[in-house]
Amino acid sequence: MSVRVRFAPSPTGDLHIGGVRTALYNYLHARHTGGVFVLRIEDTDQARNSEESLKTIKEGLAWCGLGWDDGPYYQSKRLDRYKELAKQLEEKGRAYWKTDPEKGTALHFKLEQGQQKFTDLVHGTVSFMYTGEPDFVLLRSSGFPTFMFANAVDDHDMNITQVLRGDDHLSNTPKQLQLFQAFGWTPPDYGHMPLIFDPNGAKLSKREIEMYRSIGLPVTVSECQRLGYLPEAIVNFLALLGWSPGNNLELMTLEEMVKLFTVERIGSTPARFLVDKLQWMNGQYIRKCPLDRLVELCRPYLAGKYDLGKVEAETLKEAVRQQQERLKRLDEIVPLTKFVFLPAVEYDEKAVAKWLKADGGKAILEELRAGLAPRERFEKEPVENLLKAVAEKRGVKLGKVAQPLRVALTGSDQSPPMHETLAILGKERVISRIDSTLKML
RNA sequence: GCCCCCCUCGUCUAGAGGCCUAGGACACGGCCCUCUCAAGGCCGGGACAUGGGUUCGAAUCCCAUGGGGGGCGCCA
């Protein structure tokens, strides 16, 4: 039978990083086997569902490059089907109505007690012992089905062959298996993948989002976007949280992952989500990114902070180019290009003290001004020659003469190579910034 | 409370009885490159949770203990 897998989120919030990984593994399995990837929306909780969340999920999957082949199907549109099947169970004597004084009358499934065994795709044989395991609800008093029920029914109706989901569902599986048994259906194979933990080893929690944000840890797709991560990096990183191709290969495109992915190689140990490696990986993808695309990726961050209205396209492009190998996150472009896009220099006092106010800083700057003034353009060779000449004449190292200029032009002791810094600022700004710095000293 | 899952460097992992004096990556430290910061290159420290078995031989198999996590909702 050809493979059919699904991603079945409930539209009750942002698309979570754990959800992305679940979607990814199902997507990879489908693509690897030439199967079909189904999207199903489990919107049976009227109170918590939202249109906006649905939109977020679809856009989030698209952003990650995880397209589905079939669906989306909506459980809210299949209520009749669930009711019909529930009735069958009732007629078979496997379900009964019970009234809760607070919540109303709901249909319950009669759970068989005793040993429950099944073979999990990632854990192997798993065996449960049900002693006083309570019966679970099939239909709520509202008439809506529960997850346990609708989810199993849909997996059957949609001919799902493998269910790849989080370990948090492992304990529920025997119950759903009993449902399949009661209907006389063949169940799909289940594979439960390890949970993703936060840096403290606890389950990722929505409540901690502020703390996560403060350490640059994106736990939802919108956080990924906000914090300047590339989808390639997120997908690549998440793929490696619980799966490995086994040959020391780490940087992979989606296509490569598709080729390499097998569910046998999904691990069984929970993984902590730390930001370090993700940032490194993001930097790798930023460096590989074609410049034109990188400019567009950076533009919103810059536009949010600077007035780009009068900035020439070439300047913007060059500013981004200069920082490409320094970025780990897109949002870092903002502080790094401050010297280009802000009209006035913001001086770092420590840098000023170290390079300009100390021994000969001012004299060096004056000398460089004299050397720079006759030039219209600042190319690599002439600039380097000038710096070297000044350094030699004074018997000091290159850094001794480059740094004062750097601080005068950018306010900081860190910037792209001198000739690039000069070139992007242009003659006029170079001279005026040197002059106003000199005046200040 | 009951049931279940997990346990290799700080982190992600490779490892399916001898290939392991345990490999890779991130992070960390050092060096090189160098006008700064990065990037890049090289080197280094760093792990089989513990205790019992099984076996000629165990990170790999079994059992306990410890630790971590999950499930037991008219949430999904």
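Some points to look at:
- All positions within segment A:9-20 that are closer than 22 Å to residue A:257 by Cα and either near RNA strand B (Cβ under 10 Å from one of its atoms) or of a type in the set (A, V, I, L, M) (or both): A:15, A:17, A:19, A:20
- Residues that are touching a residue at least 60 places away in the same chain (Cβ under 8 Å) and near RNA strand B (Cβ under 6 Å from one of its atoms) within segment A:266-282 comprise A:267, A:268, A:269, A:270, A:271, A:272, A:274, listed in sequence order.
- Flag if residue A:285 is in a helix (DSSP H, G or I), surrounded by 13 or more Cβ atoms within 10 Å (Cβ to Cβ), hydroxyl-bearing (Ser, Thr, Tyr) and more than 16 Å from RNA strand B (Cβ to nearest atom): no
- Evaluation of residue A:441 against (1) modelled with pLDDT of 90 or more; (2) in contact with a Lys or Arg (Cβ under 9 Å, 6 or more places away or on another chain); (3) of a type outside the set (Lys, Arg) (one fails), failing number: (1)
- Taken as a whole, the condition of being under 21 Å from residue A:340 (Cβ atoms) and within 14 Å of RNA strand B (Cβ to nearest atom) applies to residue A:379.
- Applying the set (1) of a type in the set (D, E, K, R); (2) in a helix (DSSP H, G or I); (3) free of Cβ contacts under 8 Å to residues at least 60 places away in the same chain to residue A:81 leaves exactly one unmet item: (3).
- One residue stands out in segment A:188-244 among those that are hydroxyl-bearing (Ser, Thr, Tyr) and closer than 22 Å to residue A:64 by Cα: the one that is farthest from RNA strand B (Cβ to nearest atom), namely A:222.
- Scanning segment A:163-187 for residues that are of a type outside the set (Val, Ile, Thr), more than 10 Å from RNA strand B (Cβ to nearest atom), in contact with a helix residue (DSSP H, G or I) (Cβ under 8 Å, 6 or more places away or on another chain) and within 21 Å of residue A:89 (Cβ to Cβ) yields A:179, A:180, A:182, A:183, A:185, A:187.
- For segment A:1-47, the set of residues classified as part of a loop (DSSP other than H, G, I, E, B), at pLDDT 95 or above and farther than 29 Å from residue A:207 by Cα consists of A:3, A:34, A:35, listed by residue number.
- Residue among A:184, A:216, A:191 that alone is over 25 Å from residue A:56 (Cβ atoms) and crowded, with 16+ Cβ neighbours inside 10 Å: A:191
- Test: residue in segment A:266-274 that is in a helix (DSSP H, G or I), under 30 Å from residue A:326 (Cα atoms) and out of contact with any His (no Cβ under 8 Å at 6 or more places or on another chain): no
- Scanning segment A:404-413 turns up no residue that is at pLDDT below 95 and out of contact with any helix residue (DSSP H, G or I) (no Cβ under 7 Å at 6 or more places or on another chain).
- Within segment A:224-238, none of the residues are at pLDDT 95 or above, touching a strand residue (DSSP E or B) at 6+ places or on another chain (Cβ under 6 Å) and crowded, with 18+ Cβ neighbours inside 10 Å.
- The lone exception for residue A:415 - which of (1) of a type in the set (Gly, Ala, Ser); (2) in a helix (DSSP H, G or I); (3) within 11 Å of RNA strand B (Cβ to nearest atom) it fails: (2)
- Across segment A:89-143, the number of residues qualifying as assigned to a loop (DSSP other than H, G, I, E, B), acidic (Asp, Glu) and near RNA strand B (Cβ under 8 Å from one of its atoms) comes to 2.
- Some residue of segment A:160-167 being in contact with a Ser or Thr (Cβ under 9 Å, 6 or more places away or on another chain), assigned to a loop (DSSP other than H, G, I, E, B) and at pLDDT 95 or above: yes
- A single member of A:427, A:400, A:388, A:328 is assigned to a helix (DSSP H, G or I), under 45 Å from the mean Cα position of the chain (by Cα) and within 14 Å of RNA strand B (Cβ to nearest atom), and it is A:400.
- Evaluated against (1) within 13 Å of RNA strand B (Cβ to nearest atom); (2) without any contact (Cβ under 8 Å) to a residue 60 or more places away in the chain; (3) buried (at least 16 other Cβ atoms within 10 Å of the Cβ); (4) among the β-branched types (Val, Ile, Thr), residue A:146 falls short on exactly one condition, (2).
- Any hit, segment A:127-136, residues being hydrophobic (A, V, I, L, M, F, W, C) and farther than 19 Å from residue A:85 by Cα: yes
- Scope segment A:294-320; condition over 16 Å from residue A:414 (Cα atoms), assigned to a helix (DSSP H, G or I) and free of Cβ contacts under 8 Å to residues at least 60 places away in the same chain; matching residues: A:294, A:295, A:296, A:298, A:299, A:300, A:302, A:303, A:313, A:314, A:316, A:317
- Each residue in segment A:153-185 was checked for being touching a residue at least 24 places away in the same chain (Cβ under 8 Å) and either under 27 Å from the mean Cα position of the chain (by Cα) or over 20 Å from residue A:27 (Cα atoms) (or both), and 22 of them qualify.
- Among the residues of segment A:248-265, those that are within 7 Å of RNA strand B (Cβ to nearest atom) and more than 23 Å from residue A:124 (Cα to Cα) comprise A:248, A:250.
The values are calculated or read from the model by the stated rules, or taken from the named source; none is laboratory data. Here the structure is a predicted model, which is why all the values come from computation and not from measurement. Counting neighbours? That spans all protein chains shown, and the Cβs are built from the backbone with ideal geometry, glycine included.
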